[in-house]
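The values are calculated or read from the model by the stated rules, or taken from the named source; none is laboratory data. Here the structure is a predicted model, which means the values were calculated and not measured. Note that each Cβ is placed from the backbone with ideal geometry, even for glycine, and that neighbours are counted across all protein chains shown. These area figures cover heavy atoms from the full protein model, side chains too; ligands, DNA and RNA do not enter into them. Shrake-Rupley method; radii C 1.70, N 1.55, O 1.52, S 1.80 Å.
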Amino acid sequence: MNRLQVDLPGLTLKNPIMPASGCFGFGREYAQLYDLSGLGAIMVKATTLEPRFGNPTPRVAETPSGMLNAIGLQNPGLEKVVTEELPWLEQFDVPIIANVAGSETEDYVAVSERISKAPNVKALELNISCPNVKCGGIAFGTDPKVAMELTRAVKAVSSVPVYVKLSPNVTDITEIARAAEEGGADGLTLINTLVGMRFDPRTGRPVIANGTGGLSGPAVKPVALRMIYEVSRSVSIPVIGMGGVTDVDDVINFMSAGASAVAVGTANFVDHFVCPNLIDALPGRLDELGIGNITELIGRSHTL
Amino acid sequence: MIRNERMKVAGQREIARNIYELVLEGELAAQISEPGRFVHVRAGRTMDPLLRRPISIADYSDGKITLIYRAEGYGTRVISEKGHQEEADVLGPLGNGFPVGAAAPGTKALLVGGGIGVPPLYGLSKRLKNAGVEPVHVLGFQSEDVVFYEEEFSRLGETHIATVDGTRGTKGFVTDVLASLDHEFSVYYSCGPLPMLKAVAKTMTGTEGYLSFEERMGCGIGACFACVCHTDSNDRGYVKVCSDGPVFKAGVVTI
């Protein structure tokens, strides 16, 4: 019995560690560094119906223990993802979670229907929380009714379970979480980035060309933990947690807060081997903590 | 092959105001195939500063690499404090460098650098000279106190310095020096700020050229799409500076 295994709707994870969407492209770059088959899953970069160039540069800026980004969902579009990127990933024994984005409900539906039929796509992650695009993205993730209806529309066409990625840029994240659940979501992923800014003291202008960007990295970790804790207590579908995960105790803490699995984002830029390093470190840390099976951690804080 | 190595600091010194020369020892040096590639350096060991700093490789040989960088921001200032025998967490070598073979032996090659874009031209010049090419250097700086490696370049070939304030060499920009040269160049190579690259490419129209670009980076390996530039040379409409570059043939990147 693999003590790191976690079973979720559509997903049998060898371990609960997966790179987060937008930080790992479609896997090609990190495949030069290590075997992607060791990962629990891969959340690939957001796919839209048409190719997108994204925002002007600079697109990233460092902040204390974090970074801002405003990439703008650059991706090669559904056709190329389905005919080139996903087939290339089939050489690895790893489930793919396809992140789906769009400007209109129809875009989400069209992308979801087609991409969910790819043999290695085992789940969808509905991106209703990107803060860096003018239409779509976060607009779908801040209104409970809109989030519910979009989830329902995508569920109706998807061949695989649907996870909804939530934005932290709301007053009450549990409200959106419950709306997604009501719309038929099989799981939730959180948190996306927090909207932030940085300025250049010489010019007075924002450093990021887009003006605002999404804050990620260790700086957002306490916010992520609080939201995972709140959301996992208010819904009955599983949560994949993310937001500043860097070391093995972050994984333990995210799962204790209520996450069933953990995605790693910004840390991939700091330590390019962070995912395999976390997977290697987990059994030893579980031993030290007297935990037999990693699933024992999930939501253990709720009853304490 | 990309390695992530804790390299040893073999030496670090300030060679001009806020300009540091850092020599690192390690196996990574043996992986460097051409001048103009870069490494991604983690400044500290904690989460702040968080991101790695992309720094071009000025030179490489015998298990050592030399980095020359300007300590201007938080991260590079932390790197500048690294002392002898301390460790540096280095990912690399990354990106694609300058094609030495583009210049035929017996011909002259023009190397134009601006400010902190000068360093990778040093490794390039050495290898051009070894290949029987005659390098001619035109190096631009803000002022005399930030001029570096003038002697090192002079040992390899004809070297012209320009400073914006005229405190050393020609007063003005590298393009002012270019206007006064009447050599025949088989190829030109350039690294520096975007306005300079633009001006150099314009002046050298008709000659084969290679430009090295700088852009803010996240991952440094092509996964995060932070450092993209527009191009008309492929059907995607973009190139990534970190993994498709940082060196591109002139004309590839829309500037």
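What to note about this one:
- Ordering A:A110, A:I173, A:L190 by the projection of their Cα atoms onto the charge dipole of chain A, which places +1 on the Cβ of Lys and Arg and -1 on the Cβ of Asp and Glu, puts A:I173 at the extreme positive end.
- A full extension of the chain between A:R202 and A:D93 corresponds to an added length of 34.2 nm, given 0.36 nm per residue minus the alpha carbon distance.
- Where a label projected 7 Å from the Cα of B:E72 along Cα→Cβ would reach, residues of region B:216-250 with amide N under 12 Å: B:216
- Protein-only accessible surface order, largest first, of B:S125, B:S80 at 1.4 Å: B:S80, B:S125
- Carbon plus sulfur fraction of accessible area for region B:3-93, probe 1.4 Å, in percent: 40 percent
- Using a Förster distance of 56 Å, the FRET efficiency for B:D165-A:E104 (Cβ separation, nearest 0.05): 0.50
- To put it simply, the accessible area of region A:81-159 at a 1.4 Å probe is 52 percent carbon and sulfur.
- The simple spin-label model puts a point 7 Å past each Cα toward its Cβ; for B:T254 and B:I15 those points are separated by 3.7 nm.
- Choice from B:A109, B:A179, B:A16 with maximal GNM fluctuation in chain B (Cα, 10 Å cutoff): B:A179
- Percent carbon-and-sulfur accessible area, region A:190-262, ignoring ligands, DNA and RNA, probe 1.4 Å: 53 percent
- Residues of region A:261-281 that bury at least 30 Å² of accessible area once all protein chains are present, compared with their chain alone (1.4 Å probe, heavy atoms only, ligands and nucleic acids left out), are A:F269, A:V270, A:H272, A:F273.
- Interface residues in region B:219-245 - accessible area drops by 20 Å² or more relative to the isolated chain, probe 1.4 Å: B:C219, B:I221, B:A223, B:C224, B:F225, B:A226, B:V228, B:H230, B:Y238
- Contact surface A-B: accessible area buried, both sides summed, square angstrom, 1.4 angstrom probe: 2600 Å²
- In plain terms, the chain from B:K8 to B:L181 could stretch by 58.1 nm, reckoned as 0.36 nm per residue minus the Cα-Cα distance.
- Over 24 Å (Cα to Cα) - which of A:K145/A:K165; B:K108/B:K202; A:K45/B:K240; B:K108/B:K240; B:K129/B:K198; A:K122/A:K221 fall in this group: B:K108/B:K240; B:K129/B:K198; A:K122/A:K221
- Rounded if a/c under 1.5, otherwise prolate or oblate - region A:235-304, Cα gyration tensor axes: oblate
- Taken per residue, the accessible surface of region A:1-88 reaches 32 Å², heavy atoms only and a 1.4 Å probe.
- The protein assembly as shown, dipole about Cα centre (Lys/Arg Cβ +1, Asp/Glu Cβ -1), debye to the nearest 20: 400 debye
- For B:L194 and A:T303, a Förster radius of 35 Å and the Cβ-Cβ distance give a FRET efficiency of 0.05, rounded to the nearest 0.05.
- Rolling a 1.4 Å probe over the protein heavy atoms gives region B:3-93 an accessible area of 41 Å² per residue.
- Cα Rg over Rh - chain B, Kirkwood: 0.95
- Acute angle (nearest 10 degrees) that the helix B:119-130 long axis makes with the longest principal axis of chain B, alpha-carbon atoms: 60 degrees
- Region A:250-289 and region B:186-205: distance between their alpha carbon centers, rounded to Å: 46 Å
- Region A:6-297, Cα convex hull volume normalised per residue, Å³: 116 Å³
- Taking every protein chain into account, the 1.4 Å probe leaves B:T254 with about 80 Å² of accessible area, to the nearest ten.
- Cα centroid of region A:182-235 to Cα centroid of region A:46-114, whole Å: 18 Å
- B:E152-B:H84 pseudo-label distance in nm [points 7 Å out on the Cα-to-Cβ vector]: 1.9 nm
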